[in-house]
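For reference, the structure discussed in these notes is given below.
Taken together, the values in this text are just the output of simple stated rules run on the coordinates, not laboratory data. Every value quoted in this text rests on a predicted model; they were computed, and no experiment measured them. Please note: Cβ atoms are built from the backbone with ideal geometry, for glycine as well, and neighbour counts cover all protein chains shown.
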Amino acid sequence: MEQIPRNSGFALPSAYLSSTTSSFADFLRAEAPDLLPSKRSAGMGTSGGDLDAPHGTTIVAATFNGGVLIAGDRRATSGNLIATRDMDKVYVTDAYSAVGIAGTAGIALELVRLYTVELAHYEKIEGVSLSLDGKSNKLATMVRGNLDAAMAGLAVVPLFVGYDIEASDPKRAGRIVSFDVTGGRYEENAGFHAIGSGSVFAKSAMKKLYDPDADQDAAVRAAIESLYDAADDDTATGGPDVARKIYPSVVTITAEHGAVQLPTEETSTIAEAVVADRAAQQDWRG
């Protein structure tokens, strides 16, 4: 095979071969800043009211005995219209963490993809993964970088969950961290939290359903029920769509299995049981 001469112009720039920074976002900021989510959104206009960009809605998270989960409905809206019925808003970001996104959908998707690469890049450069606090702090920095777009109405608000493999009590190692649009980071110690347009209704449901000693199956059921309640009162939140076979997305994180996206077959069984139970309650009341 013919070899390319070293001075032929095909060699990678030295920055691509440097390990001086373990942050992929910092590398992009120096070498290709136009690829950052905050820069890509700069040309979308100065007012969020001028742009009907699709928005993701309700995300809920809860800890359980031995882990933590995060779940989201599938609807994205554009003004008063349904932009898409089957958007995925919950993503596994590394072996022991996951993120749910609410806000401007396009920017949120780019941010969570960049964040996933950021965690993988750090681990490859440093040889170890970030601590759970390091992961949430890294995400807070990325959210803060989108502040200019947020001020223009293109806000992105993630919800972070992770399993702390260094926790003294493995049964209580699940953690939930929320953020505001300025990058403020808040540890949620109640054991559950929700973000998005239906979050008020989802949290109200979780107050009644949450059990810190529940196993994974019971916790998933409670999360899906809370999303059902949110959809019942918030038009931007989509409930289980049995006719179209569209069900909430759920990720669970445990010490044994790490972060796992539950298969549709499992979430559909739980969601259809919730719908059937609510229908039975209505028949009894009628």
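Remarks
- In this label model, Thr235 and Asp169 are separated by 4.5 nm, measuring between points 7 Å along each Cα→Cβ vector.
- Projecting label points 7 angstrom from Cα along Cα→Cβ for Val242 and Asp86 puts them 1.9 nm apart.
- Using a simple spin-label model with pseudo-atoms 7 Å out from Cα toward Cβ, Glu256 and Val200 lie 4.0 nm apart.
- Evaluated at q = 0.17, 0.22 Å⁻¹, a Debye calculation over the C-alpha positions of the stretch 105-196 (equal weights, vacuum) places log10 I(q)/I(0) at -0.78, -1.16.
- Checking the Cα-Cα distances for Lys89/Lys245; Lys135/Lys208; Lys138/Lys207; Lys171/Lys245 against a 24 Å cut-off, the pairs over it are Lys135/Lys208; Lys138/Lys207; Lys171/Lys245.
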